[in-house]
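Report on one structure; see the data block that follows.
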Amino acid sequence: MKQNYSLTNNSTMDSIASSVLKHRFERERADACLMALRAGIKPDAWQSDLLRSSAKQMILLCSRQSGKSTITSIVGLHTALYQENSLVLLLSPSLRQSQELFKKLKDFYNAIQTPLLPQPVEESSLRIEFSNGSRVVSLPGTEQTVRGFSGVALLIIDEASIVEDALYQSVRPMIATSNGRVILLSTPRGKRGFFHDVWTNGGHDWHRTRITADQCPRISAEWLENERKTIPDFWYRQEFECQFVETADQLFNFEDIQAMLSDDVKPLFPEETKNYNATY
Ligand SMILES: Nc1ncnc2c1ncn2[C@@H]1O[C@H](COP(=O)(O)OP(=O)(O)OP(=O)(O)O)[C@@H](O)[C@H]1O
Ligand SMILES: [Mg+2]
């Protein structure tokens, strides 16, 4: 039987290809998991939840090498590409960690880049600005380096358990006016600091994710078993089981110290206490 075929010309093909691509980007805008897949990362279940969450405040208590920096860098990239004029601030405790986190984000951008996405207009080793007006800035965390930023759409603090409390307090106002989001991610480091405090006392305002090493499909049970035999117990529980443990050289444990403190007891020397507070 004779069939009727109509030949499409090149410009029709171009416009079909372009609308297919536009459709793909609209789907990636709505679902960051699709963008992650195109960047070569098939997200674990908890990573998909994070990519799809719209929670304003998120805290990730995760084992070493579970993929927390990878996935938050994709959240950061997605925000910068799809939220025009947004400022994404990546904070890490050291310059090396800032460089690593920024490199992850940049590598993912390079992997998915096409002319339809916003293009880099200015770039340095710790900063990129896109043609849609968005910026990603990665900083090693000291109060001096972070001063001067405001209107932050997304604040990501990597290795948050070793970031100074004073720094956290000074960056939080940066998301106030922009109604921005914050993601804290870390392996625990003792029962102290804002990361521990938010995890334990942050209340319902925080979306919590806890991923131990045995939940990570890329860390084998054999490897973990060997590690358990090799490193000190407290270190294993901290690094791979996400426990807020006391440090090895700590004389008293956290609960004992807490139990010794009471607001009901008046200081013996109130004047001296006042001076002490004023000095320190
Ligand atoms: N869903 C995934 N699929 C494949 N590889 C992944 C996935 N998530 C993370 N990875 C890989 O796992 C490794 C560890 O990831 P990442 O550096 O993000 O972990 P981390 O939890 O931040 O580790 P660390 O505690 O050392 O900072 C990297 O090589 C990363 O590419
Ligand atoms: Mg990391």
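In the set LEU95, LEU51, LEU37, only one residue is open to solvent by 10 Å² or more (accessible area, probe 1.4 Å), among the hydrophobic types (A, V, I, L, M, F, W, C) and modelled with pLDDT under 95; that residue is LEU95. Selection of region 98-108 for residues being in contact (Cβ under 8 Å) with a residue 40 or more places away in the chain and either touching an Asp or Glu at 6+ places or on another chain (Cβ under 6 Å) or more than 15 Å from ligand 2 (Cβ to nearest atom) (or both) yields only LEU101.
Counting the residues of region 54-85 that are within 24 Å of GLU227 (Cβ to Cβ) and either acidic (Asp, Glu) or open to solvent by 50 Å² or more (accessible area, probe 1.4 Å) (or both) gives 2. Could you say whether any residue in region 206-225 is open to solvent by 90 Å² or more (accessible area, probe 1.4 Å) and either closer than 25 Å to TYR168 by Cβ or modelled with pLDDT under 95 (or both)? Yes, region 206-225 contains a residue that is open to solvent by 90 Å² or more (accessible area, probe 1.4 Å) and either closer than 25 Å to TYR168 by Cβ or modelled with pLDDT under 95 (or both).
Selection of region 176-192 for residues being of a type in the set (Gly, Ala, Ser) and surrounded by 19 or more Cβ atoms within 10 Å (Cβ to Cβ) yields GLY180, SER186. Applying a threshold of 6 Å to beta carbon distances and a minimum spacing of six or more residues, or different chains, the list of pairs starting in region 156-176 at a residue that is away from ligand 1 (no atom under 16 Å from the Cβ) and ending at one that is open to solvent by 50 Å² or more (accessible area, probe 1.4 Å) and assigned to a helix (DSSP H, G or I) reads LEU167/GLU143; SER170/GLU143.
The values are calculated or read from the model by the stated rules, or taken from the named source; none is laboratory data. The shown structure was predicted, so the numbers you read here are calculated from the model rather than taken from an experiment. Please note: Cβ atoms are built from the backbone with ideal geometry, for glycine as well, and neighbour counts cover all protein chains shown. The area values use the complete protein model at the heavy-atom level, side chains included, leaving out ligands, DNA and RNA. Shrake-Rupley method; radii C 1.70, N 1.55, O 1.52, S 1.80 Å.
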